[in-house]
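J.: So that we are looking at the same thing, I have put the structure below in structure tokens.
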Amino acid sequence: MNQQLRIFLYFICIMGGAAILSRTFPFPYQPGNWTLNLPREEENIEVDSALVLQTIEVDTLEIPIDPVPKDTVITKDHLSCPTLFINQLQDLHQELLNSTKDNRNIRILHYGDSQIEGDRITAYIRETFQNRFGGCGPGLTTVYDPQRINPSVWLDSKGDWKIHSVFNRKYRLSNKAYGLMGQTASLEANSPGAFKISASRWAEKHASHYQKVRLFIAPHTDTLIIKGKIKSTEVINDSLAPSANLTEISWEFEQLSPILQFDLSSKAKVHILACALDSISGISVDNIALRGQSTPMLHLTDGQLFTAMGEHLDIGMIIFQFGTNVIPTVAPNYHFYKVQLSKQFDLLKKYLPGIPVIVVGVADAARFSDGQLQSYEHLSRIRDAQKAIALDYNFAFFDLYEAMGGNGSIIKWTESDPPLALTDYIHFTRLGGKKAAAYLTNAIWQHFNSPSETDTCLFTQKPAPWESY
């Protein structure tokens with residue numbers, strides 16, 4: 001037998017054996033069954049810039065929500081509104097028009113990531129609403145702000161204070177006592193502390209004035225003594241008994257924007273959830289910035305405490321603005337992010353039922369790739385995922401990406417004079433925040449009933465040159 005014939009027979013034997021083995025012992029792993037273990041939301045991966053991209057190639061997650069019937073969605077000025085939201089918005093509009101007459105202080109909660117940090121966009125949304133419907137004051141704030149992140153109010157403090165944020169593992173609270181703001185200022189036991197509130201010269205016109213001061217205190221196990229003074233005159237002297245529930249204590253002053261110093265003491269640890277600086281009536285808009293997060297992390301808060309605080313506040317609407325920290329992750333359709341958002345939306349509807357929500361989509365962002373500055377190609381997919389899940393929940397969706405000009409707009413914003421965005425090509429400057437706020441508020445006006453009011457604009461003075469961009 002020649003060599004070629006032997007090789008051929010060996011080949012036939014090998015192939016026959018392989019066929020017999022494959023039928024007898026089938027290979028158990030099929031590519032269609034492969035799944036990708038994505039980081040759970042509870043792992044709280046903090047990313048606050050789009051420097052490192054993570055590519056997700058497989059997406060097999062399902063959204064755990066019941067299917068909803070298709071609805072008519074009306075879009076004006078990049079704000080898409082389902083029927084339910086339009087009805088809610090009309091009700092809110094009427095309530096705002098009557099807020100002064102009804103002596104009501106209605107508020108809007110503006111949740112977001114670092115894009116709204118430092119009151120960067122919220123300040124101008126607040127000023128627009130207060131200019132139109134009345135009201136004043138910067139709204140909810142922490143009582144401990146050592147870095148002076150909030151420019152709309154000055155806070156000074158003394159004593160053994162700590163800030164606990166829902167996204168900060170180092171100082172995360174085991175009892176989840178965060179309240180609506182996702183953060184708590186705590187004062188150690190047997191450690192007298194103080195904080196002083198002053199109007200900020202950097203605040204917008206209406207935010208620089210407040211007349212009503214409210215403290216929200218988490219359940220506490222010992223008597224809490226609170227004293228307050230304006231200059232050297234004592235105006236507050238209260239003693240709060242131990243309580244297993246949320247405690248609100250409030251004061252009203254004839255004087256606008258008094259410089260108030262509060263002194264606190266207790267034998268037990270105290271958690272101050274928030275301080276509200278408002279007017280007696282009108283509207284308040286609260287800046288609730290959660291740096292480095294893709295959602296507000298509501299699953300890490302105490303639901304009963306969150307709900308109780310919402311019941312104390314007359315909440316008219318929620319603005320939900322996240323997405324910056326999803327930019328580093330590249331995926332085919334961002335189904336995983338829709339799952340994350342659906343869990344948060346479920347909790348929003350549970351804790352604050354019946355309140356209309358506007359989801360603000362991700363803004364344009366850019367980076368250098370192969371020496372070329374260009375927008376991230378996958379941003380529109382993030383935007384599409386945000387819009388789809390928002391409308392599924394009958395929330396409105398504002399397309400900030402398209403409103404600011406779509407692909408490449410962040411580059412123009414950064415290079416404009418004066419600049420509307422920072423040189424990280426992600427975050428807005430204060431002027432950029434003002435422009436973004438104008439886009440959103442003007443879109444909301446378009447959905448109000450009265451045609452005579454649809455041309456109301458954020459800018460009451462003659463537009464500056466950069467505003468014509």
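The values are calculated or read from the model by the stated rules, or taken from the named source; none is laboratory data. Since the structure is predicted, the reported quantities are computational estimates derived from the model, not experimental observations. Using ideal geometry, Cβ is built from the backbone for each residue, glycine included, and neighbour counts are taken over all protein chains shown.
J.: Looking only at the stretch 133-150, count how many residues are in contact with a helix residue (DSSP H, G or I) (Cβ under 8 Å, 6 or more places away or on another chain) and at pLDDT 95 or above.
T.: 7
J.: Still on this structure: Could you list all residues from the stretch 382-403 that are under 17 Å from Phe322 (Cα atoms), in contact with a Phe, Trp or Tyr (Cβ under 7 Å, 6 or more places away or on another chain) and not in a helix (DSSP H, G or I)?
T.: Hits for the stretch 382-403 are Tyr393, Phe395, Ala396.
J.: Hey, can you tell me all the residues within the stretch 344-376 that are modelled with pLDDT of 95 or more and part of a loop (DSSP other than H, G, I, E, B)?
T.: Result: Leu352, Pro353, Gly354, Ile355, Pro356, Gly361, Val362, Ala363, Asp364, Ala365, Tyr376.
J.: Could you list, in sequence order, the residues of the stretch 409-430 that are crowded, with 18+ Cβ neighbours inside 10 Å, in a helix (DSSP H, G or I) and not small (Gly, Ala, Ser)?
T.: Across the stretch 409-430, the qualifying residues are Ile410, Ile411, Trp413, Thr414.
J.: Still on this model: Anything in the stretch 91-122 that is outside any helix (DSSP H, G or I), of a type outside the set (Lys, Arg) and over 19 Å from Asn150 (Cβ atoms)? List them, or say none.
T.: Within the stretch 91-122, Asn98, Ser99, Thr100, Asp102, Asn103, Asn105, Ile106 qualify.
J.: With Leu89, Leu155 as the choices, which residue is modelled with pLDDT of 95 or more and in the same structural domain as Pro353 (by TED's automatic domain parsing)?
T.: Within the list Leu89, Leu155, the selection yields Leu89.
J.: Any residue that is assigned to a strand (DSSP E or B) and either farther than 28 Å from Ala437 by Cα or not acidic (Asp, Glu) (or both) - is there at least one of those in the stretch 288-303?
T.: Yes.
J.: Just give me the residues in the stretch 161-174 being surrounded by 13 or more Cβ atoms within 10 Å (Cβ to Cβ) and in a loop (DSSP other than H, G, I, E, B), in sequence order.
T.: Val166, Phe167, Asn168, Arg172, Leu173
J.: Pick from Ile280, Ile272, Ile236: which is over 19 Å from Tyr144 (Cα atoms) and assigned to a strand (DSSP E or B)?
T.: Only one candidate passes the filter, namely Ile236.
J.: Now a separate question. Here are some conditions: (1) at positive phi; (2) surrounded by fewer than 18 Cβ atoms within 10 Å (Cβ to Cβ). Ser250 meets all but one. Which one does it not meet?
T.: (1)
Matching residues to (1) closer than 26 Å to Thr307 by Cβ; (2) in a loop (DSSP other than H, G, I, E, B); (3) without any contact (Cβ under 8 Å) to a residue 12 or more places away in the chain:
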position: Leu89; (1), (2), (3): yes, no, no
position: Tyr124; (1), (2), (3): no, no, no
position: Tyr144; (1), (2), (3): yes, yes, no
position: Leu155; (1), (2), (3): no, no, no
position: Lys176; (1), (2), (3): yes, yes, no
position: Thr184; (1), (2), (3): yes, no, no
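J.: Does the stretch 322-335 contain any residue that is touching a residue at least 60 places away in the same chain (Cβ under 8 Å), of a type in the set (Phe, Trp, Tyr) and outside any loop (DSSP other than H, G, I, E, B)?
T.: No, because not a single residue in the stretch 322-335 is touching a residue at least 60 places away in the same chain (Cβ under 8 Å), of a type in the set (Phe, Trp, Tyr) and outside any loop (DSSP other than H, G, I, E, B).
J.: Could you please let me know if Ala308 is assigned by TED's automatic domain parsing to the domain that holds Val360, more than 25 Å from Leu440 (Cβ to Cβ) and buried (at least 16 other Cβ atoms within 10 Å of the Cβ)?
T.: Spelling it out, Ala308 is indeed assigned by TED's automatic domain parsing to the domain that holds Val360, more than 25 Å from Leu440 (Cβ to Cβ) and buried (at least 16 other Cβ atoms within 10 Å of the Cβ).
J.: Given (1) at pLDDT 95 or above; (2) outside the structural domain of Gly433 (by TED's automatic domain parsing); (3) under 24 Å from Phe306 (Cα atoms), where does Asn168 come up short, assuming only one miss?
T.: Failing condition for Asn168: (1).
J.: Only residues that are more than 22 Å from Phe306 (Cα to Cα) and either in contact with a strand residue (DSSP E or B) (Cβ under 7 Å, 6 or more places away or on another chain) or crowded, with 24+ Cβ neighbours inside 10 Å (or both): list them for the stretch 126-140, please.
T.: Selection gives Arg126, Thr128, Phe129, Gln130, Phe133, Gly134, Gly135, Cys136, Gly137.
J.: Suppose the filter is aliphatic (A, V, I, L, M), in the same structural domain as Ser186 (by TED's automatic domain parsing) and closer than 20 Å to Val153 by Cα; does Val213 pass it?
T.: Taking the combined requirement at face value, the residue satisfies it.
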